[in-house]
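Asker: Structure provided below as structure tokens; questions to follow.
The values are calculated or read from the model by the stated rules, or taken from the named source; none is laboratory data. These numbers come from a predicted model, not from an experiment. Cβ sites come from the backbone with ideal geometry, for glycine too, and all protein chains shown count toward neighbours. Surface accessibility is based on the protein's heavy atoms, side chains included, excluding ligands, DNA and RNA. Shrake-Rupley method; radii C 1.70, N 1.55, O 1.52, S 1.80 Å.
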Amino acid sequence: MNRELLHGLNEHLKLEFRASHEYLAMSVWLSMHDMPGFAQWMRQQSSDELLHAQKIIDHLVERDQPVVLPGVAAPPATWDSAEALCAHVLENEREVTASINNLCALADQAKDRPAAVMLQWFVNEQMEEEAAARAVLGRIKLAGNTGLGLLMIDQELASGKVPGMPASPTAAE
Ligand code: FEO
């Protein structure tokens, strides 16, 4: 495998593990603040991020390439509000998307078709994840950060539906 692409894929693992860790911490904070629907959504997202990391690890292992597992920093434990938390999720997802786009460009340059095909899955996944985060953040802004509006969004998320999406996005395909 092209050295730059290999390095980039290993570097990308940091973003997926960091996201998984942060979303798990967010899920805990949301549970402690009586938002079980939000907490369930973040718990699912945390699991999905681990699957994303595993997808890249499996690709490297199948191709007999070295895998460098990153250390993961302790995530923030508190948030000013559900809105601030969701804004951070969207920021995270945009960063992951930028990294995936960069990896796609490297795979194209290297004419690495297996990597390009594997990365295409991530392109679609990132579009969904950004859309979901944007939808939830948009609804919090419409409904307000506290009170009945937030409870309503929490119940929507508890029902397994992310606003604006046909169903909760998963990485299980
Ligand atoms: Fe795996 Fe949400 O990026």
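Asker: Between the range 93-157 and the range 24-90, what's the alpha-carbon centroid distance in Å?
Answerer: For the range 93-157 versus the range 24-90, the Cα centre distance is 13 Å.
Asker: Do the sum for the chain: with -39,500 (n - 2.57) for every DSSP H run of n ≥ 4, divided by all residues, what is the mean residue ellipticity at 222 nm, to the nearest 500 deg cm²/dmol?
Answerer: One gets -26500 deg cm²/dmol as the mean residue ellipticity at 222 nm.
Asker: Could I ask something else about it? Taking only protein heavy atoms and a 1.4 Å probe, what accessible area per residue, in Å², does the chain have with all protein chains in place?
Answerer: Spelled out: the 1.4 Å probe surface of the chain, per residue, equals 51 Å².
Asker: Normalised by the residues of the chain, what does the relative contact order come to in percent, with Cα pairs under 8 Å and at least six apart?
Answerer: Relative contact order of the chain: 29 percent.
Asker: By average Cβ neighbour count within 10 Å, what is the ranking of 35-48, 69-82, 1-14 from highest down?
Answerer: Ranking the peptides 35-48, 69-82, 1-14 by packing returns 35-48, 1-14, 69-82.
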